[in-house]
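To start, the structure under review is shown below, and the notes come after it.
The values are calculated or read from the model by the stated rules, or taken from the named source; none is laboratory data. Computed from a prediction, not measured in an experiment: that's the story for all the values here. No Cβ is skipped: glycine too gets one built from the backbone with ideal geometry, and neighbour counts run over all protein chains shown. Calculation scope for accessible area: heavy atoms of the full protein, side chains included, ligands and nucleic acids excluded. Shrake-Rupley method; radii C 1.70, N 1.55, O 1.52, S 1.80 Å.
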Amino acid sequence: MALSIFDYLIIILYFGFVLGIGYFLKKAIKTSDDYFLSGRSIPAWITGIAFIAANLGALEVMGMVANSAKYGILTAHFYWIGAIPAMAFVGVFMMPFYYGSKARSVPEYLRLRFDEKTRGFNAISFAVLTLLMSGINMYAMGIIFKLLLGWSFHFSVIVSAVIVLLYVFFGGLTSSIYNEVLQFLLIVFGLFPISYLGLREVGGWNELVKRLPDNFTHLWSTLSSASQNPMGIEWFGMIFGLGFVLSFGYWCTDFLVVQRALASKDINAARRTPLIGAFPKMLFPFFVVLPGMIAILVIPEFKTALDTLLKTGHTANVNYNMALPLLIKHYLPRGLLGLGLTALLASFMSGMAGNVTAFNTVWTFDIYQSYIRPGKDDKHYLWMGKMATVFGVLVSIALTYIVMYFNNLMDYMQLLFSFFNAPLFATFLLGMFWKRATSDGAFWGLVSGTSAAAAHYFLIYKAGIIHYGSEMSANFYGAIVAWVVCFLTTIIISYMTKPKPDEEMVKLVYSLTPKEYKDNIPFYLKPGFLAAIVLISTLILNIIFW
Amino acid sequence: MGIDIKYPIGLFFTLVGIIITISGLYHKQEVISKLGFNFSLIWGIVMLAFGLIMLGLHYIARRKS
């Protein structure tokens, strides 16, 4: 694909701005709190956008378009049931404890509420997974730019990694958050033309629905049994596996997103962060699911794959991951092409920077300060945070090349995440709302939940003892197993062990925390009110596309 | 903290809007033959307007403080 001078200008301008933001924020960074938590000073609308943008990495944007080309509108479940309810929950119920306890990270909350070993388990698994994610992000980017533009894999990976390194190194979390807002807007402005031009080409929404099979255009009506829909899943697995365990496990406990809310200027802003993020999140299917559905009709190889599926009932072997790049190529003329490519770049970079900022914080506070060098002055930890940023980016690059040789690592990533995230939500639920939950209960609950997820996958599903409609369905049920095992183990062991005294759990547990955050803010800014609007709107969307 | 984010965002989209508008004029034939109408021109102007609004909001906020 040939680029014109305009396309290059946009890409160069984008690089210049992200670096410029990092450079100008450099002066504002004086303490480790400034670097890792933005000095807890950012308004809610900015942290709210960053809350969802940090999650808009390459796998998210390209993966969701690809998913929609494969499964149709069912992919919207990842937004309307797989994100919104959890975002409302974390804002209304959990944020008071994250922000109010003054914990600087999710693992640190676990130490305050439980103990050192529970924190260690979470901190180490999180740090490893975060860097892997970042490496996979870079790998996806290198491949795309090589296929689309013929750029060298090494060139794309190294240049973007160095740019991310520079802006995070100098500006810390604030720089990452500010850039996430810019990147989010770029993704919106870059993807809108594809949805709009695509709808125009296929003749509007009604025409799209007419030309696609029924189970590609309905959210719920085909979920009564796994054999009726392309995802091979029924409503129970969808609601409890994705909607409850996986979604709450990710949006309520993953430090990558929670860190954005911790950067807010006060507790009310922290609670509004996920709720403000929920509004654009709700509309995001327009930018990713719709293009995927359009791709089925306008990209010849996807159309052929669908025809084969309808005729023979067998899924053709098509690489759906290229859906978004192919659409960009199909619709965007020179000039706009630069905008589309910059949107892709932005998603890769925000995905990587989000992971790197979460990594440097967990590494510095939860691993380095706790186990390696405790008791140093603040300057030392600020320095360590910057070193961790360099280290994190270097390891990400190394992992990029490892992923290159072990290609199927990417398929295992979601699975690995579900091993660790799904049980974690049970630990938090009990930790925050049940003061009887003990440290040993939490630790063994997590360990057994993670083991149960692994056992379910390898010893039961892969051994052929249980059959699921699809890999995704197996993943959803695995998450349910992990959650239930962690939940029950934590309760049983908690009853066998001694709880912490009440006074050590103030501001950490619901029943022991004074409700000091309900001060005089107007009703339309109250988390409960915002959550109600978000949930009702999501319900309406579900009914419209039933 | 540090900078008002509306400023870099406003500046960025103003510049990108101008670039895309010009590309719409320069590659007019290509755009129209590909899409049937000059979408680049329209989208460039939309982005330019968004950028200018952000810059405007930034100046209002700055005057207030």
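Leaving ligands and nucleic acids out of the surface, order A:F240, B:F50, A:F24, A:F97 by accessible area at 1.4 Å, largest first.
Solvent-accessible surface, decreasing: A:F24, A:F240, B:F50, A:F97.
Kindly write out, for the stretch A:500-508 in residue order, the coupling ³J(HN,Hα) from the Karplus curve 6.51 cos²θ - 1.76 cosθ + 1.60 (θ = phi - 60°), rounded to whole Hz, with x marking Gly and Pro.
Once θ is set to phi - 60°, the couplings for the stretch A:500-508 become 6, x, 3, 5, 7, 10, 5, 6, 10 Hz.
Please list, in order along the stretch B:7-18, the HN-Hα scalar couplings obtained from phi with the Karplus expression 6.51 cos²θ - 1.76 cosθ + 1.60 (θ = phi - 60°), rounded to whole Hz, x for Gly and Pro.
With coefficients 6.51, -1.76 and 1.60, one gets 5, x, 5, x, 5, 4, 6, 4, 5, 5, x, 5 Hz.
How high is the relative contact order of chain A, in percent, with contacts defined as C-alpha pairs under 8 Å that are six or more residues apart?
29
At 222 nm, what helix-only mean residue ellipticity would chain A give, in deg cm²/dmol to the nearest 500, using -39500 (n - 2.57) for each DSSP H run of four or more?
On the way: 23 runs with 374 residues, N = 546.
So the helix-based figure for chain A works out to -23000 deg cm²/dmol.
Alpha carbon centre of the stretch A:365-423 versus the stretch A:477-503: separation in Å?
So the separation of the two Cα centres works out to 27 Å.
For the stretch A:95-112, what does the Karplus curve 6.51 cos²θ - 1.76 cosθ + 1.60, with θ = phi - 60°, yield as ³J(HN,Hα) per residue in whole Hz, taken in order and with x for Gly and Pro?
Couplings: 4, x, 7, 4, 7, x, 7, 6, 5, 8, 7, 5, x, 5, 4, 4, 5, 5 Hz.
Label A:T312 and A:S537 with points 7 Å out from Cα along Cα→Cβ: what is the distance between them in nm?
Going by the 7 Å Cα→Cβ label model, 4.5 nm.
Go through A:I276, A:V298, A:G241 and say which Cα lies farthest out towards the positive end of the charge dipole of the stretch A:222-328; charges sit on Cβ, +1 for Lys and Arg, -1 for Asp and Glu.
Value computed over the given set: A:I276.
Given the Cα-Cα distance of A:I11 and A:I372 and 0.36 nm per residue of separation, how much length would full extension add, in nm?
Computed gain between A:I11 and A:I372 is 125.8 nm.
Could you work out how far the C-alpha centroid of the stretch A:244-306 sits from that of the stretch A:1-30, in angstrom?
Value for the Cα centre distance between the two parts: 25 Å.
What figure, in Å² to the nearest 10, do you get for the accessible area of A:D266 with a 1.4 Å probe and non-protein molecules left out?
About 60 Å², ignoring ligands and nucleic acids.
Please compute the length gained on full extension between A:D266 and A:K379, using 0.36 nm multiplied by the number of residues separating them and subtracting their Cα-Cα distance. Can you show the working numbers first?
Values: separation 113, 0.36 × 113 = 40.68 nm, distance 2.47 nm.
Working it through step by step, the gained length comes to 38.2 nm.
At a cut-off of 10 Å², which residues of the stretch A:153-199 become less accessible once all protein chains are present than in their chain alone, using a 1.4 Å probe?
Hits at the 10 Å² cut-off: A:T174, A:Y178, A:V181, A:L182, A:L185, A:L186, A:F189, A:F192, A:P193, A:Y196, A:L197.
According to a simple spin-label model (label point 7 Å from Cα along Cα-to-Cβ), what is the distance in nm between A:H154 and B:L52?
The modelled label-to-label distance comes out at 4.7 nm.
Residues of the stretch A:171-260: accessible area per residue at 1.4 Å, in Å²? Let's see the in-between values first.
Details: 2590 Å² over 90 residues.
Dividing the accessible area of the stretch A:171-260 by its residue count gives 29 Å².
Please list the three semi-axes, largest first and in whole Å, of the ellipsoid equivalent to the stretch A:115-240, using sqrt of 5 times the eigenvalues of its alpha carbon gyration tensor.
36, 27, 16
For the stretch A:222-299, what class follows from the C-alpha gyration tensor (a ≥ b ≥ c being the square roots of its eigenvalues): rounded when a/c is under 1.5, otherwise prolate if a/b is larger than b/c, else oblate? Let's see the in-between values first.
Working: a/c = 3.31, a/b = 1.66, b/c = 1.99.
Since a/c reaches 1.5 but b/c is at least a/b, the shape of the stretch A:222-299 is classed as oblate.
So which of A:K379/A:K498; A:K70/A:K526; A:K435/A:K526; A:K265/A:K435; A:K26/A:K526 end up more than 30 Å apart, counting from Cα to Cα?
Table pairs above 30 Å Cα-Cα are A:K379/A:K498; A:K70/A:K526; A:K26/A:K526.
Using a simple charge model, +1 on the beta-carbon of Lys and Arg, -1 on the beta-carbon of Asp and Glu, nothing else, what dipole does the stretch A:341-431 show about its Cα centre, in debye to the nearest 20?
Once rounded to the nearest 20, the dipole reads 220 debye.
For the stretch A:447-539, which whole percent of the accessible surface, found with a 1.4 angstrom probe, sits on carbon and sulfur atoms?
Here it works out to 70 percent.
From the square roots a ≥ b ≥ c of the eigenvalues of the alpha-carbon gyration tensor of chain A, which class results: rounded (a/c under 1.5), prolate (a/b over b/c), or oblate?
Oblate is the answer for chain A, as a/c is 1.5 or above yet b/c matches or exceeds a/b.
Given a Förster distance of 41 Å, report the FRET efficiency between A:W546 and A:I492 from their Cβ-Cβ distance, rounded to the nearest 0.05.
0.50
Translational diffusion coefficient of chain B at 25 °C, 0.890 mPa s, Stokes-Einstein with Kirkwood Rh over Cα pairs, in µm²/s as a whole number. Write out the running numbers ahead of the final one.
Working: Rh = 12.6 Å.
For the chosen part, D equals 195 µm²/s.
Amide H to amide H, which residues 5 or more places from A:I42 or on other chains are under 5 Å from it, using H placed in the peptide plane?
A:S264, A:K265
For the stretch A:476-546, rounded, prolate or oblate, judged on the Cα gyration tensor with a ≥ b ≥ c (square roots of eigenvalues), a/c < 1.5 rounded, else prolate if a/b > b/c?
Because a/c hits 1.5 or more and a/b fails to exceed b/c, the stretch A:476-546 counts as oblate.
Within a 10 angstrom radius of each residue's Cβ in A:332-342, how many Cβ atoms of other chains show up on average? Whole number is fine.
Whole-number average of other-chain Cβ neighbours for A:332-342 is 6.
For A:S451 and A:K329, what does the FRET efficiency come to when R0 = 56 Å and r is the distance between their Cβ atoms, rounded to the nearest 0.05?
Calculated transfer efficiency: 0.80.
Using the per-residue mean of other Cβ atoms lying within 10 Å as a proxy for protection, in what order, highest first, do the peptides A:199-208, A:160-169, A:268-277 fall?
A:268-277, A:160-169, A:199-208
Starting from the Cα of A:Y401, step 7 Å along the direction of its Cβ; do the same at A:L283; then give the gap between the two resulting points in nm.
Between A:Y401 and A:L283, the simple spin-label model gives 4.4 nm.
Mind checking the per residue accessible area of the stretch A:294-371 for me, 1.4 Å probe, whole number of Å²?
I get 30 Å² per residue for the stretch A:294-371.
How well do other chains shield peptide B:32-43, expressed as the mean number of their Cβ atoms within 10 Å of each residue Cβ?
Taking all residues of B:32-43 together, the mean is 4.
On full extension of the chain, what length is gained from A:I465 through A:K102, given 0.36 nm per residue of separation minus the C-alpha to C-alpha distance?
Here the answer is 126.0 nm.
What's the total accessible area buried between chains A and B, using a 1.4 Å probe, rounded to the nearest 100 Å²?
Its buried surface, counting both partners, is about 3100 Å².
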